[in-house]
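Enquirer: Submitted below is the structure of interest, expressed as structure tokens.
The values are calculated or read from the model by the stated rules, or taken from the named source; none is laboratory data. What you are looking at is a predicted structure, and each value in this text was computed from that prediction instead of being measured. All Cβ positions, glycine included, derive from the backbone under ideal geometry; neighbour counts span all protein chains shown.
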Amino acid sequence: MSSPSSFFSPRRVLIIAQSTVTQLVRMKIFYFLAPVALLFLGLQFFDAIWFEGPEALMPEQELRMHKNICLGTMMLFTSLFAIVSTALLIPGDIEDRTLYTILCKPVPRLDYLAGKLLGVIVVLFIAMLVMDVLLVTTLHFRTEEKLLQTTEYMVKIGYPEREIAAGRAEIAAHGPTILLQFGVLSHFLKACVIAAVALLISTFSTSTLFTIATSVMIWIIGSFQSIARDGLFNDASFGEAPSWADKIVGTLISLVFPDFQLFEAISDAAARAEDVLYSDVGQLLGLSVVYVGIYVVLSWFVFSDKEF
Amino acid sequence: MSEVAAVRVKNLVKDFRGPFRGKKVHAVRDVSLKIAPGEVYGLIGPNGSGKSTTMKAVLGLVAPTSGSCAIFGKNSTKVDSRGEVGFLPENPYFYKHLTAAETVRFYGRLCGMRGRVLRDRIEEMLELVGLQEARDRRLKGFSKGMLQRIGLAQALVQDPRLVVLDEPTAGVDPKGSREIRDLILTLKERGITVFLCSHLLEQVQEICDRVGIIHGGVLVNEGRLDDLISLEDKTELILENASSVLMEQIRELVEVTHGVNLVSEGQARTTLESLFLRETQGASSQEGRRQRSGKSRKRIIR
Ligand SMILES: Nc1ncnc2c1ncn2[C@@H]1O[C@H](COP(=O)(O)OP(=O)(O)OP(=O)(O)O)[C@@H](O)[C@H]1O
Ligand SMILES: [Mg+2]
């Protein structure tokens, strides 16, 4: 037998992650994808009534609405799923005393935590992938439909060739582009960060309910943090530079609550088909890794002193 | 002792603090014990006396308030001390969504086993604990005794040098409990150290080399089992088919001998455990026959 290493081992993390994925799959969590799929497909047929008449939406607007609803659903489902599954896993292991038998094998506690989180992230990724494929497929057909309708209409009215091409390009920009994928990526990364937050809370909380409630709260505060901070400090110090006290409090808040501002900015841009800087996407990735890393290390500190 | 002890507990104290700085619970107060390699050590004591807590401290699941524990010389608070130990917790519980075979596989992999070795080991373990039939059933439907068995399989999967068993026979039927006893004896033959605690004193008596009695977190007595339970000034005599005339003669003989007292006399009894076994196992086994032929046994303790 190979002697098990007593510090962090990627292989062991993978074993625990794999078992977590199996657990979540056998808990039939992927069933929640069914209503999402129904919603995405249903949206397909939603426009028929709207298109005719004076109230008709512009084709880009309609595509944007489709994207907004889908991306919003994806964000809501992955984040909630990240919180609930993480909150169920570790307290569940403690209550079941499954943890005794795992931790008395040569398994460092960091490996256990990292494995659990990785398992949740893998499942999140699969769910996101499925929803992304659905989004891209439905949006593709929708865009094709709009392109066809608009071209027909423009040709009938007698628009010049160049303007028709420009109109088509504008509609196509609202279709399934790489930009849209950045939006999906930002929601996925946000869900990963919120899973790490839930992991940290579940290491010291004594109940699943507390973990879920607190994580949801942090998720909401994180999402509106920039707004909240602006409201809190900029209003008070109208026109002046924020005082050092405000700065400190602001920094503290952004340490305790992850700042999802960049995540929101990128997904908004993706939905509006505005350009996103690659450097911003890189920054988003970096920020997510840093957040997840910090929360895992904090969890490890709390968890390593925990007794069962 | 030149050899390094399999388990060494040194002045272990463990206090649990109640919630919100409530009253402290002194679970273990200054327990020291040493288990030599190859020994079977039994810890007995009433409920809440600190047996499980001592075992958890040995496995590093709780941190000692003071004192220390070590397994084969490695401090229990370190992960590497757990390489050569298998633990069966009390009322074990595993992932409900896994099958018996998957459960053993999971724990085997956590111990760094893989490939052919692991596959063979899984079958070996399932056979050892008598769960081959249930190998592909999910643990969700397992009975308490079956969970206990899978717990044993899991504890033994990496062939550890030390096995810590917290009430290994709790919830197991008498036949299974005898099988577990035999299993422990097999482990002992193979030189594996066993540290167990149990409320079944007959079993502890049958299998343990040394016993520690813990009460209120204090180790009140400890020693070799033979030394602890032999009553040096008493002798037991069991007779088969003794006539009443012979019995009378013996009684008279005892009476005239100076300094000897007849303490008790009566029909020899089988234990409840073996009675149950006889009734539930059918008459085929040797054990059963032996027991039934002993109907007219008489027992005298002088
Ligand atoms: N996690 C804990 N928090 C608080 N008190 C605890 C904890 N674990 C054990 N105790 C207390 O420590 C004492 C010893 O408990 P322990 O489980 O070691 O007893 P035991 O000898 O194993 O009993 P049993 O025979 O019932 O299994 C008990 O008073 C118990 O209430
Ligand atoms: Mg106990």
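Enquirer: Step by step: first the residues of region B:192-235, then only those that are more than 16 Å from ligand 1 (Cβ to nearest atom) and of a type in the set (S, T, N, Q), then the one that is farthest from B:TYR41 (Cα to Cα). Which residue is that?
Expert: Ranking the qualifying residues of region B:192-235, first place goes to B:THR235.
Enquirer: If you don't mind, another one. Does region A:115-131 include one or more residues that are in a loop (DSSP other than H, G, I, E, B), within 14 Å of chain B (Cβ to nearest Cβ) and closer than 30 Å to B:GLN158 by Cβ?
Expert: No, every residue in region A:115-131 fails to be in a loop (DSSP other than H, G, I, E, B), within 14 Å of chain B (Cβ to nearest Cβ) and closer than 30 Å to B:GLN158 by Cβ.
Enquirer: Follow-up. Is it the case that some residue within region B:50-59 is in contact with a strand residue (DSSP E or B) (Cβ under 7 Å, 6 or more places away or on another chain), away from ligand 2 (no atom under 16 Å from the Cβ) and either at positive phi or outside the structural domain of B:ASP159 (by TED's automatic domain parsing) (or both)?
Expert: no
Enquirer: To continue, here is another question. State all residues of region B:60-96 that are aliphatic (A, V, I, L, M) and away from ligand 2 (no atom under 16 Å from the Cβ); if no residue qualifies, say none.
Expert: B:ALA63, B:ALA70, B:ILE71, B:VAL79, B:VAL85
Enquirer: Sticking with this structure for a sec: Could you figure out which of (1) in a loop (DSSP other than H, G, I, E, B); (2) at pLDDT below 90; (3) more than 16 Å from ligand 1 (Cβ to nearest atom); (4) out of contact with any helix residue (DSSP H, G or I) (no Cβ under 7 Å at 6 or more places or on another chain) isn't true of B:GLY48?
Expert: Of everything listed in (1) in a loop (DSSP other than H, G, I, E, B); (2) at pLDDT below 90; (3) more than 16 Å from ligand 1 (Cβ to nearest atom); (4) out of contact with any helix residue (DSSP H, G or I) (no Cβ under 7 Å at 6 or more places or on another chain), B:GLY48 misses just condition (3).
Residue-by-condition table, conditions (1) surrounded by 20 or more Cβ atoms within 10 Å (Cβ to Cβ); (2) in the same structural domain as B:THR54 (by TED's automatic domain parsing); (3) within 14 Å of ligand 2 (Cβ to nearest atom):
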{"site": "B:ARG161", "(1), (2), (3)": "no, yes, no"}
{"site": "B:GLU167", "(1), (2), (3)": "yes, yes, yes"}
{"site": "B:PRO174", "(1), (2), (3)": "no, yes, no"}
{"site": "B:VAL194", "(1), (2), (3)": "yes, yes, no"}
{"site": "B:LEU219", "(1), (2), (3)": "yes, yes, no"}
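Enquirer: Sticking with this structure for a sec: I'm checking my understanding of the structure. Among residues of region B:53-71 that are more than 13 Å from B:SER32 (Cβ to Cβ) and crowded, with 19+ Cβ neighbours inside 10 Å, which one is nearest to ligand 1 (Cβ to nearest atom)?
Expert: Looking at the filtered set, the residue picked out is B:THR53.
Enquirer: Considering only region B:238-250, I want to know if a residue exists there that is surrounded by 11 or more Cβ atoms within 10 Å (Cβ to Cβ) and within 21 Å of B:GLU202 (Cβ to Cβ).
Expert: Yes, that holds for at least one residue.
Enquirer: Residues that are within 16 Å of ligand 1 (Cβ to nearest atom) and under 12 Å from B:LEU88 (Cβ atoms): does region B:172-179 have at least one?
Expert: Yes - at least one qualifying residue is present in region B:172-179.
Enquirer: Evaluate the following for B:PHE94: is it surrounded by fewer than 21 Cβ atoms within 10 Å (Cβ to Cβ) and assigned by TED's automatic domain parsing to the domain that holds B:VAL194?
Expert: no
Enquirer: So, in region B:188-210, exactly how many residues are in contact with a strand residue (DSSP E or B) (Cβ under 9 Å, 6 or more places away or on another chain) and part of a helix (DSSP H, G or I)?
Expert: The total comes to 6.
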